[in-house]
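To keep things clear, I will list the structure first and then write my remarks on it.
FYI, it's all coordinate maths here, none of it is from the lab. Since this is a predicted model, take the numbers as computed values, not measurements. Positions of Cβ are generated from backbone atoms using ideal geometry, with glycine treated the same way; all protein chains shown enter the neighbour counts.
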Amino acid sequence: MAVHGVGAGGETQSDGALPSTLPTPPDEAPRALSSHDDAAGVTCPRCGAEQTESSAYRRYRVCERCSHHFPFSARRRLELLLDEGSFREVHHAGAAIDPLLFSDRVPYSERLSQARDKTGLDEAVLIGSGRINGRECVLAVFEFEFLGGSMGTVVGEKVAIALELAVEKRLPFVSVAASGGARMQEGMLSLVQMAKTSAAAMRLHREGVPFISVLTDPTTGGVYASFASQGDVLLAEPRALIGFAGPRVIEQLTGRKPPEDAQTAEYLLQHGQIDGILDRRKLRNGVATLLQLLGSPWNVSPRGEQELYRPEVQPPASAWEAVELARHPERPTTRDYVRCMLPYFFELHGDRLSADDPAAICGVGDLGGITVMLIAQERGHGEEDRKRRRGGRMTPEGYRKAARAMRLAASWRLPVVTLIDTPGAQLDVDSEARGLAPSISQCLATMSILPVPVVAAVIGEGGSGGALALGVADRILMQQNAIYSVIAPEGAAAILYHDAQKARELAHALKLTAADCKLLGVVDTLVPEPEGGAHQDPDYAALLLKNFILDALVELRRVGANKLVEERYRKFRRMGQQPAASRRETFSRDMEELQKRLGGALAQVLEHWPHRDKPSVLGEQPSTVAGLLAAPDRAVREPPQQAPNSPTVEGSDDN
Ligand SMILES: [Zn+2]
């Protein structure tokens with residue numbers, strides 16, 4: 001394993017390898033961001049542009065011409081991210097030790113004191129709490145100028161302290177990494193900080209506290225391979241070098257120079273490793289959007305009943321007409337609905353394994369005042385976009401991304417809304433090799449146990465297992481002209497008649513229309529569309545769909561997590577059962593439930609009954625039954641009290 005220390009990350013050396021033009025005053029005054037002097041004589045190493053007059057350089061250390069991101073100190077970062085004067089540093093009394101009495105060209109102790117003088121910091125990370133657009137969070141921000149931002153014992157300790165503080169106070173955690181990895185001068189004691197910080201990050205996940213990890217140039221080695229990868233959301237700055245081993249190490253070991261772009265943020269986004277790339281100038285807005293969405297998950301504004309107007313459902317004339325309407329090239333797709341229904345939408349990318357599937361759109365957004373995790377298929381508009389998204393055919397990477405979003409929703413206690421619109425999964429041997437069926441199965445299984453409300457809506461073509469993978473929901477909606485089928489009519493015709501031309505006849509036999517699916521009991525509610533189909537008025541189609549989804553969410557809001565999961569299980573357990581048997585079973589289950597409830601109520605009465613020897617009329621463990629029924633079992637987090645003047649934020653733009 002190649003965990004490397006200071007300077008081992010190729011061009012990311014700390015000792016003088018940075019552009020000599022970059023001034024880093026030891027004691028940066030708070031007003032340094034607006035100072036004119038420090039831009040004098042600086043030129044962009046990428047495009048050569050002079051930065052003296054550039055306000056983007058002065059404020060953000062970004063080249064106005066080519067968007068090159070210059071190194072950025074921890075103090076500047078905090079100043080940029082946080083509301084003015086809100087940072088409260090958490091100090092750690094311990095100073096770095098020199099357990100190995102390490103010395104190369106310069107003794108370690110001397111390197112430490114040089115780094116302190118150079119940066120004005122006691123170590124390579126600053127921790128504390130602060131507010132981003134009024135939202136309190138805990139932060140850990142790395143200083144690359146301090147021995148390459150390497151993680152020794154003190155850095156590991158400080159990161160762990162910050163993570164523990166976030167858990168204790170239940171505040172979102174934001175880390176900004178800039179690090180060459182573990183600090184070799186502290187030997188194994190520095191390496192084990194990887195385990196310490198990863199374990200501390202797991203506590204955050206266990207408690208469902210959001211963790212946003214920002215990876216900047218460079219983030220490598222033991223920091224990237226520990227807590228920094230643990231973020232619920234991983235963001236990176238453009239062209240940042242991010243990787244486990246630095247390019248120089250890879251070249252030495254393999255004898256080949258890695259391609260220029262191989263370890264950039266862009267490369268990682270393409271390979272499913274990070275959620276998005278944010279220009280430094282938009283980073284604060286992006287993080288603030290996420291914090292706002294996660295900070296007040298339920299904020300539905302009360303509104304009059306009349307507003308939720310619902311026109312009658314007008315079923316299509318025939319099954320084939322439904323097929324044609326569902327596949328209409330102008331029919332609105334997920335992105336149209338996102339635009340209309342979720343004004344603040346923060347898209348998440350990648351399966352964190354190998355790729356990002358553009359046929360799957362996942363992200364957090366505000367749906368009528370409720371923060372939801374949206375998981376959807378996207379067919380694409382126009383020839384090029386449609387090709388890129390394979391007409392909504394998801395790959396294994398897409399289903400793994402969806403499953404990741406589901407797990408995040410469970411952790412953050414956000415309801416899940418899925419939009420189903422696919423002719424089916426991507427069918428080819430490559431997909432098979434990468435685990436198509438298991439990835440679909442993973443979605444089905446994960447959805448079945450999500451402890452949060454799940455609402456699915458079929459908005460176009462719901463084709464086969466690739467569609468159902470997003471359909472294990474508490475409430476299943478279907479637009480009036482959508483179709484939902486075990487197989488596309490053409491596929492069925494090819495199998496049964498060896499003639500795809502028979503699709504039109506088979507469409508009727510397959511019972512794939514919304515009305516048929518409602519009769520079969522596989523969908524709950526039909527959603528009306530504008531006259532002539534959703535494509536005639538996409539905005540209005542979105543309004544109708546949003547109303548029905550909101551209705552379902554508000555109804556499910558008060559149902560406890562255990563009950564949601566149990567009811568969802570029963571819902572699908574009942575599908576396809578013989579009606580009589582189903583009735584009998586439902587009846588006996590209802591009786592069982594009633595007995596349990598009566599038992600619980602009785603136990604509660606006895607609990608308050610003023611006599612000494614309580615008779616155990618409830619069998620073995622009466623208090624457990626009562627306890628179970630009385631236990632708080634809320635599916636979703638209640639919104640915290642919102643500040644009266646919460647600032648609004650711009651919508652995110654992560655690409
Ligand atoms: Zn430039």
- Item | the range 326-560 - percent relative contact order, Cα under 8 Å, separation 6 or more | 18 percent
- Looking at this model, which pairs from Lys169/Lys196; Lys511/Lys563; Lys169/Lys563; Lys169/Lys401; Lys518/Lys571 are more than 23 angstrom apart at the alpha-carbon? Lys511/Lys563; Lys169/Lys563; Lys169/Lys401
- Taking the highest mean first, how do the peptides 95-102, 417-424 order by number of other beta carbon atoms within 10 angstrom per residue? 417-424, 95-102
- Message: List residues of the range 448-489, by number, whose backbone nitrogen lies under 19 Å from a label position 7 Å along Cα→C-beta of Ala317.
- Response: 480-483
- Given a Förster distance of 25 angstrom, what is the FRET efficiency for Gln270 paired with Thr43, based on the Cβ-Cβ distance and rounded to 0.05? 0.25
- Task: Pop out the ³J(HN,Hα) list for the range 168-178 in order, Karplus 6.51 cos²θ - 1.76 cosθ + 1.60 with θ = phi - 60°, rounded to Hz; leave Gly and Pro as x.
- Result: 4, 8, 6, 10, x, 10, 10, 10, 10, 9, 8
- Note on the structure: Dividing the mean separation of Cα pairs under 8 Å (6+ apart) by the residue count of the range 55-149 yields a relative contact order in percent of 28 percent
- Query: Given labels modelled 7 Å from the Cα in the Cβ direction, how far is it in nm from Tyr569 to Lys118?
  - Reply: 5.8 nm
- Message: What FRET efficiency comes out for Arg407 versus Ala195 if R0 is 25 angstrom and r is the Cβ-Cβ distance? Round to the nearest 0.05.
- Response: 0.65
- Label-point separation, Asp551 to Glu207 (7 Å along Cα→Cβ), nm: 4.0 nm
- Inter-probe distance in nm under a simple model that places probes 7 Å from Cα toward Cβ, at Val90 and His328: 5.6 nm
- Length-normalised contact order for the range 226-295 - Cα pairs under 8 Å, 6+ apart - percent: 37 percent
- Task: Based on the mean of other Cβ atoms within 10 Å per residue, sort peptides 154-162, 83-91 so the most packed one is first.
- Result: 154-162, 83-91
- Message: Could you compute the net charge surrounding Val90? Neighbours are other residues with a C-beta less than 13 Å from the C-beta of Val90; K and R count +1, D and E count -1.
- Response: -3
